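Novice: Here it is, the structure in full.
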Amino acid sequence: SSAGLATMFDDTRGTISSKGKISGKQLQPQAFRADYKSGKKASMIDIQFANGAVTATKVVPEPKKRNPKNWIALAASDLSSVLDPMAATVIHADSLDKVCGRTVKLYDGEMRANLTLTYDSKGSTSVRGYKGDTVTCRMGFEPVAGYRKNRKALNYLKNRSRITVTFAPVGQTGLYAPIHATVTTQIGTLTVSAERFEATE
């Protein structure tokens, strides 16, 4: 749910679900769905996976026709060994020390991007469901395909934005998920914090 100055542009509310499994130490998404509403405009993204590859994507409303002169189109190879937007934020690691230092391949229903995590700092936090140590990673953003060349917002995220993500352990699962994140944008800094953080049955 957007808040503060963001509501001057559009208030966005919705639900996101992600389903998958862990094979060895690899996350394997199976299905992702996002239903959200910005103002009066309703939108939906549905992505299906099999063996780590995208098998189907449905976006409502359908994206507008792209200009091939400035559009970086997706290739079949771009849709293998990728994670959906929710699975991409969950890290399987042996300890907090090993959460950062990796590149995550993200597919959001249209764009393929690489998210590079590098170590920033350690800390601790206390929220409902968790009190303990955390690790913060710097995140680099690199669009790969499925985007328009020279798009100012993407160029800013790639070249100028400072993105940090703080991870905490999800119970004793060996998984680490975001508990806090900040992203600098062209209109200010976006901050997201968890109000509850706990593993459920």
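The values are calculated or read from the model by the stated rules, or taken from the named source; none is laboratory data. Because the structure is predicted, anything quoted here is derived from the model rather than measured. Here the Cβ is made from the backbone with ideal geometry for all residues, glycine too, and neighbour counts use every protein chain on show.
Novice: Only one residue in Glu110, Glu198 is in contact with a Pro (Cβ under 8 Å, 6 or more places away or on another chain), of a type outside the set (Phe, Trp, Tyr), surrounded by fewer than 18 Cβ atoms within 10 Å (Cβ to Cβ) and within 27 Å of Asp35 (Cβ to Cβ). Which one?
Specialist: Residue meeting the stated conditions: Glu110.
Novice: So, one more: Output the strands (runs of 3 or more DSSP E) that fall wholly within segment 102-193 and possess 3 or more residues being touching a residue at least 24 places away in the same chain (Cβ under 8 Å) and either of a type in the set (Ser, Thr, Tyr) or closer than 23 Å to Gly52 by Cβ (or both), or say none.
Specialist: Strands (runs of 3 or more DSSP E) meeting the threshold: 102-107, 112-127, 130-145, 163-169, 175-185.
Listed here are the residues, each with its yes/no results for (1) over 25 Å from Lys64 (Cβ atoms); (2) at pLDDT 95 or above; (3) among the hydrophobic types (A, V, I, L, M, F, W, C); (4) in contact with a strand residue (DSSP E or B) (Cβ under 9 Å, 6 or more places away or on another chain).
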position	(1), (2), (3), (4)
Ala6	no, no, yes, yes
Asp10	no, no, no, yes
Gln26	yes, no, no, yes
Ala31	yes, yes, yes, yes
Lys40	no, no, no, no
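Novice: Let me ask something else. Mind checking whether some residue in segment 111-118 is in contact with a Ser or Thr (Cβ under 6 Å, 6 or more places away or on another chain), of a type in the set (Ser, Thr, Tyr) and under 29 Å from Gly171 (Cβ atoms)?
Specialist: Yes, that holds for at least one residue.
Novice: While we're here: Only one of Thr116, Thr89, Thr134 is touching a strand residue (DSSP E or B) at 6+ places or on another chain (Cβ under 7 Å) and more than 30 Å from Ser43 (Cβ to Cβ); which?
Specialist: Within the list Thr116, Thr89, Thr134, the selection yields Thr134.
Novice: If you don't mind, there's one more thing I want to ask. Within 18 Å of the chain's Cα centre (by Cα), among the aliphatic types (A, V, I, L, M) and at pLDDT below 95: which single residue out of Met111, Met139, Met86 fits that description?
Specialist: Met86
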